[in-house]
Amino acid sequence: MSMNALERLFGTADRVKVLKLFLFNINDVFDKKDIIRRAKVSPNSARKEISVLESAGLIRKKTHHKEIKRKNGNMEKVKFSGFGVNESFRYIIPLQNLLIHSAPAQNEIVKKIARLGRVKLIVLSGIFLNDEEGRIDILIVGDDIKAGPLRSTISVMESELGKELRYAVFETADFKYRMSVYDRLVRDVLDFPHQVLIDKIGL
């Protein structure tokens, strides 16, 4: 199902993104700032969607602990209030199954990443193959790939997918060397289920 179809079904693009954030991170608790940052929605939209999803019974208020860094550099656990998935909501699994198919399409991923430099290889694994235990989700090989624009592109994909992505980037020469010495990270991707979107190296 396309993102446009989901928008018509659920009302707005922002609602789809907030739904994904909660449904693909069902053990996490998010406050309003987290939702704005992770889903990339406005404060007004975040407030509206929280109200709609809470009234529907999909999410509920929860307390949680998270680590923050104090000015002295020490990490401290603090208690905070936020929202998390209501485990008793009966349509969690059907909604997850519906939304997973609206993840960024392969050609969209290629377009977004290929324009960032001289990309030679893009491999999907992990979450894209329903493997939560995979070490990374995207392997990128190429040259002259700027870290800042890549991070921004990944961030947009994360808001569309509703989940943080684990990725690795290598220059072509470095990747070929790692292949020759059977680098553990590279083998953990290529020796297990994966999908090659671009291959100008010749795996």
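Worth a mention:
- Filtered by the rule that a residue be in a loop (DSSP other than H, G, I, E, B), over 22 Å from residue 114 (Cα atoms) and in contact (Cβ under 8 Å) with a residue 40 or more places away in the chain, the stretch 172-203 gives 192, 193.
- Any hit, the stretch 92-100, residues being over 30 Å from residue 61 (Cα atoms), among the aliphatic types (A, V, I, L, M) and within 16 Å of the chain's Cα centre (by Cα): no
- Output for the stretch 53-65, where each listed residue is surrounded by 14 or more Cβ atoms within 10 Å (Cβ to Cβ) and at pLDDT below 85: 64
- Residue match in the stretch 120-129 (condition: surrounded by 20 or more Cβ atoms within 10 Å (Cβ to Cβ), under 28 Å from residue 13 (Cα atoms) and among the hydroxyl-bearing types (Ser, Thr, Tyr)): yes
- Count - residues of the stretch 30-52 that are buried (at least 20 other Cβ atoms within 10 Å of the Cβ) and either within 17 Å of residue 158 (Cα to Cα) or touching a Leu at 6+ places or on another chain (Cβ under 7 Å) (or both): 6
- Any hit, the stretch 79-100, residues being in a strand (DSSP E or B), loosely packed, with under 15 Cβ neighbours inside 10 Å, free of Cβ contacts under 8 Å to residues at least 24 places away in the same chain and not assigned by TED's automatic domain parsing to the domain that holds residue 187: yes
- Candidates 152, 159, 180 - the one that is surrounded by 15 or more Cβ atoms within 10 Å (Cβ to Cβ) and of a type in the set (Ser, Thr, Tyr): 159
- Residue match in the stretch 33-53 (condition: touching a residue at least 24 places away in the same chain (Cβ under 8 Å), part of a loop (DSSP other than H, G, I, E, B) and closer than 15 Å to residue 99 by Cβ): no
- Selection count where residues are part of a helix (DSSP H, G or I) and among the aliphatic types (A, V, I, L, M), scope the stretch 126-171: 8
- The stretch 132-161 residues that are over 25 Å from residue 36 (Cβ atoms) and in the same structural domain as residue 193 (by TED's automatic domain parsing), paired with ones that are surrounded by 12 or more Cβ atoms within 10 Å (Cβ to Cβ) and of a type in the set (Asp, Glu) (beta carbon under 7 Å, 6 or more apart): 135/188; 143/171
- Residue match in the stretch 116-125 (condition: within 14 Å of residue 196 (Cβ to Cβ), without any contact (Cβ under 8 Å) to a residue 60 or more places away in the chain, more than 14 Å from the chain's Cα centre (by Cα) and not in a strand (DSSP E or B)): no
- Residue 108 part of a loop (DSSP other than H, G, I, E, B), acidic (Asp, Glu), surrounded by fewer than 19 Cβ atoms within 10 Å (Cβ to Cβ) and free of Cβ contacts under 8 Å to residues at least 40 places away in the same chain: no
The values are calculated or read from the model by the stated rules, or taken from the named source; none is laboratory data. As the structure is a prediction and not an experimental result, all values here were calculated from the model. All Cβ positions, even for glycine, are placed from backbone atoms using ideal geometry, and neighbour counts span all protein chains on display.
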